[in-house]
Amino acid sequence: MKYPLIKNRSVLLTGCSTGIGRAAARMLKQRGWQVVATARKEEDLESLRSEGLEAVPMELAEAESVEAGFNTALEICGGVLGALVNNAGYGQPGALEDISRDGLRRQFEVNVLGAQQLANLCIPLFRKQEQGRIVNVSSMLGRITLPFMGAYCASKYALESLSDALRVELHGSGIAVSLIEPGPIHTRFGDNSIDKLEELDSARSPFHVHYHSQGERMRGRHGRHDRLALPPEAVAKKIAHALESRRPKIRYKVTFPAYLGAGMRRFAPEGLLDRVFLKVWQRRASQ
């Protein structure tokens, strides 16, 4: 479908401390966008400002922080905004039986509810302008579910569903909604997952030994490159296309595993996927 090009090239971009968000902020700035980048920590905000980026604090798990950050971004952009990129998020690993209600709630607060709140704040403005772009950074794990990543996968499935509904509801408004579905990317996502894994109260868990070995394996991979992974700039390029093209795609896959995962979800029997994942887990457990 064809959409109007964004006249006011200003964008609110979340989760810019490192990785995909930082790469996208730099790339969009180079392409002439006014970028308002968000992060939680003051040192990350100062780092963004040192690169000539506008930076505002935002904690997606807190509704008041989301609204305050949006209002500040709007002031910076002179009351107009061209696009929103919901990139911020994290992955809570662990078996679902070991994740508390509060842990599951926070996973959804950050990855889903905060993103949708920002979209809802932007939509009235975009409707008035008769143009706007909403880009939600999902994951290949929003299409295919891995064991021990159920909470994260569920949050990304939710983001996918919300985006699909929103895209149809906004038909004819001039507002495009796109999803980015990265596979493995060279970021600190794995390091952050180790921290979240260690936060689990897993001493009594039947998967206690698995958690320990998984943490050791992830630490052992630290600094080594996954040959199937791509740099965060590969995702940033897709984000730029979604913002700048007259015909933005509904979904952008990044990396070969993302394409493979989507194909498996579409064509492979569900029982086969269960067997594949079980075999992988059993092999890792035996090692």
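A few notes on this one:
- Under 5 Å between amide hydrogens, built in the peptide plane, is the criterion, and for Ala55 it picks out Ala37 among residues at least 5 positions away or on other chains.
- The listed peptides 71-84, 97-110, ordered by packing as a protection proxy, come out as 71-84, 97-110 (highest mean of other Cβ atoms within 10 Å first).
- A straight line joining the Cα centroids of segment 54-94 and segment 229-272 runs 24 Å.
- On Cα atoms only, tilt of 232-244 relative to the major axis of the chain in degrees: 40 degrees
- Seen against the Cα atoms of the chain and their longest principal axis, helix 189-198 is set at about 50 degrees.
- Reachable aspartates and glutamates, given that their alpha-carbon falls under 15 Å from the alpha-carbon of Lys253 and they are not under 8 places away in the same chain: Glu160, Glu181, Glu233
- Taking segment 10-286 and dividing mean pair separation by its residue count, relative contact order in percent (alpha carbons under 8 Å, at least six apart): 20 percent
- Per residue convex hull volume, Cα atoms of segment 58-193, in Å³: 108 Å³
- Furthest towards positive pole of dipole, Met58, Asn192, Gln282, structure part segment 10-286, Cβ charges: Gln282
- GNM top mover of Ser202, Ser17, Ser50 - the chain, alpha-carbon springs below 10 Å: Ser50
- Measuring nothing but how far apart in sequence close Cα pairs (under 8 Å, 6+ apart) lie, relative to its length, segment 99-232 scores a relative contact order of 26 percent.
- From the coordinates shown, percent of Cα pairs over 26 Å apart corresponds to which of [x] 55; [y] 47; [z] 43: [z]
- Sparse packing (at most 16 other Cβ atoms within 10 Å of the Cβ) combined with a DSSP loop state is found for none of the chymotrypsin sites (Phe, Trp or Tyr not before Pro) in segment 120-214.
- As a rough footprinting exposure proxy, the listed residues Lys156, Lys41 were ranked by other beta carbons within 10 Å of their own, and the order from fewest upward is Lys41, Lys156.
- Residues whose amide H falls under 5 Å from that of Phe148, counting only those 5 or more places apart or on a different chain, are Leu96, with hydrogens built in the peptide plane.
- The angle between the Cα long axis of helix 150-169 and the main principal axis of the chain comes to about 30°, on a 0 to 90 degree scale.
- Charged side chains reduced to their Cβ positions (Lys and Arg at +1, Asp and Glu at -1) give the chain a dipole of some 1500 debye around its Cα centre.
- Amide N proximity, segment 165-195 versus Ile250 label position 7 Å along Cα-to-Cβ, cut-off under 20 Å: 165-183
Read-outs throughout are calculated quantities, based only on the coordinates presented, and are distinct from any laboratory measurement. Values in this document were obtained by computation on a predicted structure and should not be read as measured data. Note that each Cβ is placed from the backbone with ideal geometry, even for glycine, and that neighbours are counted across all protein chains shown.
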